[in-house]
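Visitor: The structure follows.
Every read-out reported here was derived from the displayed coordinates using simple, explicitly stated rules and does not represent laboratory data. The structure displayed is predicted, hence computed values, not measured ones.
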Amino acid sequence: MQEKIKHIKDKVQLLVKQYQQLQKENLQLQSSLEKAHFTNKELQEQIRQLQHKIDTVKISASQLSKEEKATLEKRIDSYLKEINTCLSLINKD
């Protein structure tokens with residue numbers, strides 16, 4: 001009988017340790033999620049600002065030569081690719 005009680009006690013202690021470990025892991029995951037949400041909001045704000053700049057550039061681009069317009073479009077495309085890369089990295093977290 002004592003042996004069964006000891007066995008049950010050991011199992012309960014193991015479950016308590018596992019529960020504590022899961023709580024700690026849960027807190028870490030929640031913290032990571034909050035950081036990801038914050039970073040996501042920052043990136044969305046950057047996107048909004050860059051989009052505004054792009055719109056401004058597009059308006060002024062009508063006064064640029066074809067070569068200048070092509071260069072500008074390449075630079076804008078590069079920015080958009082960087083933004084998409086950042087967003088995909090955030091969404092993976």
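Visitor: Multiply the residue separation of K24 and L87 by 0.36 nm, subtract the distance between their alpha-carbon atoms, and state the gained length in nm to one decimal. Could you put the intermediate results ahead of the total?
Guide: Working: separation 63, 0.36 × 63 = 22.68 nm, distance 2.78 nm.
Between K24 and L87, full extension yields an extra 19.9 nm.
Visitor: Continuing with the same structure: Could you pull out the pairs from K35/K58; K69/K92; K58/K81; K4/K24; K17/K92; K41/K69 whose alpha carbons sit more than 23 Å apart here? Don't jump to the answer; show the numbers that get you there.
Guide: On the way: K35/K58 34 Å; K69/K92 35 Å; K58/K81 18 Å; K4/K24 30 Å; K17/K92 30 Å; K41/K69 31 Å.
Where the Cα-Cα span goes over 23 Å, the pairs concerned are K35/K58; K69/K92; K4/K24; K17/K92; K41/K69.
Visitor: With n ≥ 4 as the cut-off for DSSP H runs, can you work out [θ] at 222 nm for the chain, using -39500 (n - 2.57) per run divided by the number of residues, rounded to the nearest 500?
Guide: -35000 deg cm²/dmol
Visitor: Name the aspartates and glutamates eligible as straight-distance cross-link partners of K74: C-alpha to C-alpha under 14 Å, and not fewer than 8 places from it in the same chain.
Guide: Leaving aside aspartates and glutamates fewer than 8 places away in the same chain, those within reach of K74 are E82.
Visitor: Can I ask one more? Of [x] 40, 19, 10; [y] 59, 11, 5; [z] 23, 17, 10, which is the value of semi-axes √(5λ) of the Cα gyration tensor in Å derived from the coordinates here?
Guide: Here semi-axes √(5λ) of the Cα gyration tensor in Å agrees with entry [y].
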